[in-house]
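Just below is one structure, and these are the notes that go with it.
The values are calculated or read from the model by the stated rules, or taken from the named source; none is laboratory data. Given the structure is predicted, the values throughout are model-derived calculations rather than measurements. So basically every Cβ, Gly included, is an ideal-geometry build from the backbone, and we count neighbours across all protein chains shown. Quick note on the areas: whole protein, heavy atoms, side chains included, nothing else; ligands and nucleic acids left out. Shrake-Rupley method; radii C 1.70, N 1.55, O 1.52, S 1.80 Å.
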Amino acid sequence: MIFARLKLFFYPIKTYKKALIQEEIMLKTEDMGFIAKNTVNHLAQNLSYHLDKPICFPTMIYFAPTLRCNLQCKYCSIWKEGNIQEEMSLEKWKEFLKDIYNWVGKGQHIGITGGEPLLREDIFEILGFIRGLEFKTSLTTNGTLLNEKIIEKLTELNLFNINISLESLNEKTHDFFRGKGNFEKTLKNILKMKQALKDNNLKTLLIVETTLTSENLNGAVDLLKFCEENNLKIHFGNVVENLQIDYQGNFEKESEYKPKNSEDIDRVFSFLISHKKNIVNSTAELKMMQNYYKDKKISFKCSATARNIFVNYNGEVKLCQYFPRVGNIKENSIRNIWHSEKANEQRKIMKNCKKICQFDCYKQKSLFEEYELYKALYH
């Protein structure tokens, strides 16, 4: 069975190679080395899924230095969990980041999420330290706290990408989810951030983060066109099922906003799939989301067992945010936790999880999907 799977894993390499040639992408030697290393690791991740223990390193590495947030969005309750007294110190985060560097090497993607990361007074010291380790740094923010001083600091850091949440170009719709008065601030700050990046001739990707719901689905096309006009990337997320996996936190009631109208779903997703240039999601992910919203049976294999690692504000480590912790970086190194027996036992349980959560965070990707992501981010 494993050998049959391996055949499928290697098959996309031909497609991947052909796509690179067709696009005539000129790659530096270090880029080719990075791609080769991660292609081998991608195959090892797929094999690790069947072994129930990793022979690979994680490539989706996220941490939340705080869960505090200045907003109280309708489909999120993470802000309730923030406790400033339990937040790890700057020095502890530096130790973690050095551990990651010594394990996976430079050039990997490190994502900072929350809560609202900009509420940490030392967030720019954390970001500066990551930059010094030559990671590709991602910052996710709701955008409301951006001001002239913060924007200037972000441009100086020259991050790989900045993700800002925007639910709609309709003020009423955006504020329905994120609170009255936040649409105007968010939209204005997105454009200010974009202008600052342009003025400084920086390649930092500014990505609009949008969760497609029953309230904003019909505005997705206009939002995509807005991103195209302003040279912004966009990433679409899906609402999720009510979860029953020993999880306390956000997404508890989010499924009440799941789109229902089949015609609207087909119309919107058909447009998105045929206008992919500025969309970070892969075609396969968009199609899966479309089928999920239409209540069709979908095949979903979770990659969190071999690809993802998340470190919470208090040092707790999770393979999936919906499952219990597998360790704490205050007690053990991140590499030892990744390879621990506790983590391996949880991997076996996670393989039987039938919940549909956030597709592109956890879905197993083919090499061609990885290529689509590479193309969306670099071109």
Task: Whole-Hz ³J(HN,Hα) from phi, Karplus 6.51 cos²θ - 1.76 cosθ + 1.60, for region 155-172, glycine and proline x - done: 5, 5, 6, 6, 5, 5, 8, 10, 9, 10, 7, 9, 7, 5, 8, 8, 4, 4
Open item on the list: For the pair Glu228/Asp295, report the inter-label distance in nm, with labels modelled 7 Å from Cα in the Cβ direction.
Closed with: 3.3
TODO: Rank Thr59, Ile110, Thr173 by how far each Cα sits towards the positive end of the charge dipole of region 49-188 (+1 on Lys, Arg Cβ; -1 on Asp, Glu Cβ) and give me just the farthest.
DONE: Thr173
- [ ] About the Cα centre of region 195-243, how large is the charge dipole given +1 on each Lys and Arg Cβ and -1 on each Asp and Glu Cβ? Please answer in debye to the nearest 20.
- [x] 240
TODO: For region 41-176, with all protein chains present and a 1.4 Å probe, just round the carbon and sulfur fraction of the accessible area to a whole percent.
DONE: 46
TODO: Hey, can you find the accessible area per residue of region 115-179 for me, probe 1.4 Å, expressed in square angstrom?
DONE: 40
TODO: Return the long-range amide H neighbours of Val239 (sequence gap of 5 or more, or a different chain), with a cut-off of under 5 Å between placed amide H atoms.
DONE: Leu212
Open item on the list: Among the listed pairs Lys225/Lys354; Lys188/Lys330; Lys180/Lys233; Lys37/Lys276; Lys192/Lys260, which have their C-alpha atoms separated by more than 30 angstrom in this model?
Closed with: Lys225/Lys354; Lys188/Lys330; Lys192/Lys260
TODO: Which order do the peptides 112-119, 83-90 take when ranked by the mean count of other beta-carbon atoms within 10 Å per residue, highest first?
DONE: 112-119, 83-90
Open item on the list: For Gly143, what residues show an amide H to amide H distance below 5 Å, using hydrogens built from the backbone and excluding near sequence neighbours?
Closed with: Ser165
